[in-house]
Ligand code: SAH
């Protein structure tokens, strides 16, 4: 009985947001359109048009708030389910993916620096001949900004160059890439299986780059212990090359795959990574 009740509660929590009409997304600004119209027709500056202006800006605010709410709901879902469940969620309604990314871009526009840009810079300085796999590529910004061959992977593909799959099971060949990137994408509760997949497809001495939201690695605020996380990655067959905590918003961890993988057979203890919940703005 209790279990049924809590299941119902969980179902309620993960309920899909109501489908938003395309016109409800804050892409186009009716406000802007009205202003231009007014500039052309000063006679229209009556009290009725100023009240309609007011109501349209109110409407814009409401639309933005609604879109923000949908983004946060999808975001929370992705952090609290497995990759397989996330894949099914988006398969059922691919529009949710666009909704998620509209909100994600909005959130990122407030970050002074984006981790993906640091990774782009790092790659450009290293070599354009390295083959890269971008796990959880989003809008494939990495592939679009480097000369390297990049396998862009995400749950949904709006672009023919993006491989759509759960990144725990990619179609990439074993030992076929030089760099595996996870930029703000260790979202699923089974995140360790994504890292195992990266280990499988990486060549010996290949790079593993992980950028994550800082609060997820802040043990003073319920985040994971970065040393415990790093230890788990190393036990999988990597050495830690660099930990960069200098940015206010994210951490950057660089690992190198060992030349020789020696399986010790012990179960790796992965710390739990808490969801990154974005605040309402
Ligand atoms: N790396 C990009 C996008 C980060 S948003 C950037 O830095 O801009 C995180 C992305 O990870 C989302 O696009 C989400 O769909 C993807 N993702 C999360 N879990 C995934 C999974 N199991 N398989 C594939 N992609 C996943």
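Overview of values
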read-out	value
Where a residue in the stretch 108-122 is touching a residue at least 24 places away in the same chain (Cβ under 8 Å) and closer than 16 Å to residue 212 by Cβ and its partner, wherever it lies, is part of a loop (DSSP other than H, G, I, E, B) and within 9 Å of the ligand (Cβ to nearest atom), with Cβ under 7 Å and at least six apart	115/184
Residues of the stretch 175-196 classified as near the ligand (Cβ under 10 Å from one of its atoms), free of Cβ contacts under 8 Å to residues at least 60 places away in the same chain and either farther than 15 Å from residue 138 by Cβ or part of a loop (DSSP other than H, G, I, E, B) (or both), total	1
Qualifying positions in the stretch 197-214 - part of a strand (DSSP E or B) and more than 15 Å from the ligand (Cβ to nearest atom)	202, 203, 204, 205, 206, 207
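A short reminder: the numbers here are calculations on the coordinates, not readings from a lab. The model shown is predicted, which means the values in this text are computed figures rather than measured ones. All Cβ positions, even for glycine, are placed from backbone atoms using ideal geometry, and neighbour counts span all protein chains on display.
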